[in-house]
Amino acid sequence: MKIRKTLAATTAAATLLGAGSAFAQDPYTIGITQNNVGVDSYQTTYEQAFIAAAEKNANVETVVLDAGGDVARQIAQMQDLIQQEVDAIIIWPTNGKAVIPAVRQAHQAGIPVIVTNSNIAEEGFDFVASFSGPDNITQGARAAEIMCDRFKDLGIADEAQIVEITGQPGYTTAIERSDGFTQRLPEVCPDVTLVESQPGDWNREKSQKVMEAFLVKYDDIDGVYAGDDNMGVGALNAAKAAGRAEDITFVGATNFAVGYEAMERGEYWGSIYQSPVDDAEAALQTAIDVLEGKDVPFLNYFDTPKITQENMDQFTKPVF
Amino acid sequence: MQQETRKRMIKESAIWGFIVLELIFFSVAGHFLSLSENAFMDFENMLLLLKQSAPIGIIALGMTVVMINGNIDLSVGATFALAAVVMLDSMSWPIFAPLGDWVIPVSWALALLTGMVLGAINGFIVWKTGVDAFIVTLGSMLGFRGLVFMYNGEQPTFQLNWTMVDIAEARLFGLQTPTLVLIVCTVLVWLMLNKTIHGRNVYAVGDNREAAVNAGIRVGPHMMINFIIIGFLAALSSVVFYSASGSVNPNDGMLYELWVITAVVLGGTKLTGGKGSVIATFGGVIAIQLLRKGLGHIGADTAMVNLVIGSILIAVLYLDKQLNRKGDGDLKV
């Protein structure tokens, strides 16, 4: 009862004072339904960062829910949030397609929906206010720049040959990271040739086998670009076994703990730093911006900086 | 005599008392802890609760029948997923293309047929081999799930048809489609159990199989019919749910068998068979959904929800055992 009264009082005060001062503003209630907290440390860190960011902001109250990977539970949580009349809903989809009707329900109830981390399918774009997450094309392009800069330092930018190990075929993330790289590379290093590209399916062992085949096939490999560090380290292991790791520059499109450790050992050159903390803070900020009526781009990417052996001391080791 | 009736009422209404307790607790706690302006007992919220209970609830009705019968079915989650795959995939089969939106009822029928066939397979194996239903359906749980993965690999099966979504989200007398299906099914299964010979036999076979055989009940075919019923209901639950969401992941429905069994046991049905009621199962389903919803309402996380449901399951069974002992008055520790 007390809470209600205070709330009513603040609302009244806000109305009297006008919307000018943020202090007297009625706090926004933002609900979030996450994919599967606890299944990996990225998602766990994301949740902690989200709660911490929300606590720091006096204008925001949050309802933090987790679908536990279950689509049905996520849909029920969406309905609950709609029923509770929250001001905005952030969703980390368990299934980019199955949640579309639930997202439409929120849209029809006049509640803006912000999709976080991985986007829903195109059929649902009409019902989404904004997507907040990493830009895989940029990650690929930046990885190309890291690779090129390294070759320039080594003085082999005019003749270097590289191979690529991509993520699982058919996954948008895999396709975008590859496209970003292959488009950017000829712009910065036109004389570097990409001799072959093979899928490593996000799997370290698979990637190791792919790299073993590459090493047999090509006598001269100067660089390896992998869709993430997990696969990059698989390739590194293959090169180490063949005694050729010293001559090769390894670059990934997303930094993992294994990649970070290999960088510390001086075996792995660089990657792209994607922080769950930035991811969570960006999602919350996007929701607030949407509620405040700011002009938010439909695809609202957060920054994913380059990390190499040279600047890695500015970054903490990834949690995943 | 009157005392007997009162005792029976306490025993049978344990789950309803529990639901009332939950409602009071969440209304009071929600008042202080929830961010929502709306009360927990809000009418719309209760309607939503019924709707959200439907997927587990519809299957739980079938599980009650099978468990009273002295069997169990662990394959319902996989049946749920496979029926959804058949329903959503068949909507895009070229032979149905001329039907337009009339493909929807055809796909529904195919999904329900799938569920009945899978149930019949379970029942037939139990009947002909005499292997315990727990083992048979443990095997078919893995086998049916394998079929789901064979169908479409790791990819989700997807068919977004807004007409179908609108049907699934429609309201009749203020009740949403899933709620209506749940209520109608509850009534039908109750009638079946209490007003038909087959229903009486369900109890008789579960209570004492040998006596039932001696009384002339053909136990094998009888049990097979019950497995077909639960297969049908698992598929019906799938039809209701996936008509509204339009996409099924190959992992969907995993652990549903455990939630369903939890609900049935909460409702007081005996694992050993012979006793149970669908009305009480309905209560068990509501109790679980209330807990999930209520704990979410006051801001507890999923891990906490599971911990609480697990503890309550054990507590309720203990209480049930105590009440029954006192009721029977024979076991003294």
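The values are calculated or read from the model by the stated rules, or taken from the named source; none is laboratory data. No experiment lies behind these values; they were computed from the predicted model shown. Using ideal geometry, Cβ is built from the backbone for each residue, glycine included, and neighbour counts are taken over all protein chains shown.
Listing for the model above:
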{"item": "Long-range neighbours under 7 Å by Cβ, at least six apart or interchain, first residue assigned by TED's automatic domain parsing to the domain that holds A:Phe250 within segment A:183-211, second in a loop (DSSP other than H, G, I, E, B) and of a type in the set (Asp, Glu)", "result": "A:Asp191/A:Asp158; A:Asp191/A:Glu159; A:Trp202/A:Asp228"}
{"item": "Filter result (over 26 Å from B:Asp132 (Cα atoms) and not aliphatic (A, V, I, L, M)) within segment B:259-283", "result": "B:Phe282, B:Gly283"}
{"item": "Matching residues, segment A:45-77, being surrounded by fewer than 16 Cβ atoms within 10 Å (Cβ to Cβ) and among the hydroxyl-bearing types (Ser, Thr, Tyr)", "result": "none"}
{"item": "Subset of segment A:30-44 that is surrounded by fewer than 19 Cβ atoms within 10 Å (Cβ to Cβ), within 12 Å of chain B (Cβ to nearest Cβ) and of a type outside the set (Gly, Ala, Ser) - its residue that is nearest to A:Ile100 (Cα to Cα)", "result": "A:Asn36"}
{"item": "Counted residues, segment B:233-274 - those being within 29 Å of B:Val106 (Cα to Cα) and not in a helix (DSSP H, G or I)", "result": "10"}
{"item": "Which listed residue, of A:Val296, A:Val258, is crowded, with 18+ Cβ neighbours inside 10 Å, without any contact (Cβ under 8 Å) to a residue 60 or more places away in the chain and hydrophobic (A, V, I, L, M, F, W, C)", "result": "A:Val258"}
{"item": "Qualifying residue in segment B:30-50 (condition: at pLDDT below 85, within 25 Å of the chain's Cα centre (by Cα), more than 14 Å from chain A (Cβ to nearest Cβ) and crowded, with 20+ Cβ neighbours inside 10 Å)", "result": "no"}
{"item": "Long-range neighbours under 6 Å by Cβ, at least six apart or interchain, first residue hydroxyl-bearing (Ser, Thr, Tyr) within segment B:144-165, second part of a helix (DSSP H, G or I) and surrounded by 19 or more Cβ atoms within 10 Å (Cβ to Cβ)", "result": "B:Tyr151/B:Val85; B:Thr157/B:Val85; B:Thr157/B:Leu88"}
{"item": "Candidates B:Val248, B:Val205 - the one that is within 14 Å of chain A (Cβ to nearest Cβ) and farther than 17 Å from B:Leu74 by Cα", "result": "B:Val248"}
{"item": "In segment A:96-149, residue nearest to A:Ala282 (Cα to Cα) [restricted to those that are of a type in the set (D, E, K, R) and surrounded by fewer than 22 Cβ atoms within 10 Å (Cβ to Cβ)]", "result": "A:Asp135"}
{"item": "Residue count for segment A:47-101, restricted to those that are in a strand (DSSP E or B), of a type outside the set (Val, Ile, Thr) and more than 7 Å from chain B (Cβ to nearest Cβ)", "result": "1"}
{"item": "B:Val65 being free of Cβ contacts under 8 Å to residues at least 24 places away in the same chain, aliphatic (A, V, I, L, M) and crowded, with 24+ Cβ neighbours inside 10 Å", "result": "no"}
{"item": "Residue check, B:Pro250 touching a Lys or Arg at 6+ places or on another chain (Cβ under 9 Å) and at pLDDT 90 or above", "result": "no"}
{"item": "Meets criteria (under 12 Å from A:Thr166 (Cβ atoms) and crowded, with 17+ Cβ neighbours inside 10 Å) for A:Ala226", "result": "yes"}
{"item": "Test result for A:Gln168, surrounded by fewer than 22 Cβ atoms within 10 Å (Cβ to Cβ), outside any loop (DSSP other than H, G, I, E, B) and within 14 Å of chain B (Cβ to nearest Cβ)", "result": "no"}
{"item": "Some residue of segment A:105-126 being facing another protein chain (nearest Cβ under 8 Å), under 28 Å from B:Ser53 (Cβ atoms) and out of contact with any Leu (no Cβ under 9 Å at 6 or more places or on another chain)", "result": "yes"}
{"item": "Count of residues meeting criterion [within 11 Å of the chain's Cα centre (by Cα) and either surrounded by fewer than 24 Cβ atoms within 10 Å (Cβ to Cβ) or of a type outside the set (Asp, Glu) (or both)] in segment B:239-264", "result": "8"}
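Here is a yes/no grid of residues against (1) at pLDDT 95 or above; (2) not in a loop (DSSP other than H, G, I, E, B):
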site	(1), (2)
A:Arg177	no, yes
A:Pro190	no, no
A:Gln198	no, yes
A:Trp202	no, no
A:Lys206	no, yes
A:Glu212	yes, yes
